[in-house]
1. Going from the alpha-carbon gyration tensor of region 108-171, what semi-axes, largest first and in whole Å, does one get by taking the root of 5 times each eigenvalue?
2. List E41, E66 from most exposed to least, where exposure is judged by having the fewest other Cβ atoms within 10 Å.
3. Enumerate the amide H contacts of G76 below 5 Å, restricted to partners 5 or more residues apart or on another chain; note that Pro and chain-start residues carry no placed amide H.
4. Provide H122, H43 in ascending order of the number of other Cβ atoms located within 10 Å of each residue's Cβ, fewest first.
5. Please compute the net charge surrounding F69, taking Lys and Arg as +1 and Asp and Glu as -1 over other residues with Cβ under 11 Å from its Cβ.
6. Determine the distance separating the Cα centre of region 188-204 from the Cα centre of region 49-113; give it in Å without decimals.
7. FRET efficiency for A110 and A90, Cβ-Cβ distance as r, R0 = 30 Å, nearest 0.05?
8. Quick check: pseudo-label points 7 Å beyond the Cα along Cα→Cβ at I164 and Q99, how many nm apart are they?
Amino acid sequence: MAIDGAVSQTAVEAWDKRWATSEGRADWLEPHPAVVAILPELHARGARRVLDLGCGVGRHALLLAEHGFDVEAIDGSLAGLAVVRETAAARGLPMSLHQGLADALPFPDAGFDFVLSWNVIHHGTLGDLGRRLGEIWRVLRPAGLLQATVLSTRDANYGIGRAIAPDTFVLDRVERKGHPHCYCDAATLVGLLAGFDLLTLSQQLQERRPGSHHWHIIAAAESGLKGKATVPVGDAAGRVPKLPLRAVRKTDHERSHPRHVQEFPEQPRQNGRLNFSTAKAGRPGTSA
């Protein structure tokens, strides 16, 4: 089930409303420490061209431009893009801005060394998430890095609202219609990341909302698979295949910044496979 135009527009309108006020923007102006921490790794890899996918009001696009990267930034919200444009001009930072959505990126294949998508690509079903990861994989150069966050099934809002697809819920509010959010356990997420070399997978609690659990992902586009359709995108009902879980590796910047990385603990093997428990209390962990 892909997000239809009406639902996408509902999400864009919600962010337009938030970005239109200084109060709405206040919590989204400072770069996340995990994004700051990856900068040395990007420089060490010789990364130049980067994409901020779902840039909002530009906290990360501006950071990347300040550190000398060639930045493309895309968002569905015109209000957010107007803030980015004004701030970049005031700071004398060059970047290219685009209005658009993650489902069909307006960029050629293999054009970016790094794609960042922070709190964005889980707005939809698991099938939508898979398609967006496929688009990210398409626009990354071989061995290019992805840094992203995705909602976890440990999140306090998991299971609340209207279920519209597997692990996907819409929480309508009195003042406005909601838009879908999908939630992943470890096995589902690893399956969705087929075609990527998964370097880091950690689960962290964000301070902005109580009980807000997100997966933090760093992965590289597997160079030997470029040109082949390897990223599972899910079926019409939003289901995705689950692949065996595998261990993850730390990059140099993570070894240097341990306070920014909270490794999700590896549990004993069950049936020969790693078992990462991603569930709330009372719900068994998921294994492929």
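Each reported figure results from applying straightforward, stated rules to the coordinates on display, with no laboratory input. These numbers were taken from a predicted model, which means no experiment stands behind them. Virtual Cβ from ideal backbone geometry, glycine too; neighbours counted across all protein chains shown.
1. Those come to 27, 12, 7 Å.
2. Placing the least packed residue first, the sequence is E66, E41.
3. Here G100 satisfy the definition.
4. Ascending number of Cβ neighbours within 10 Å: H43, H122.
5. Net of charged neighbours comes to -3.
6. 24
7. Efficiency computed from Cβ-Cβ geometry: 0.35.
8. Spacing of the two 7 Å Cα→Cβ label points: 2.2 nm.
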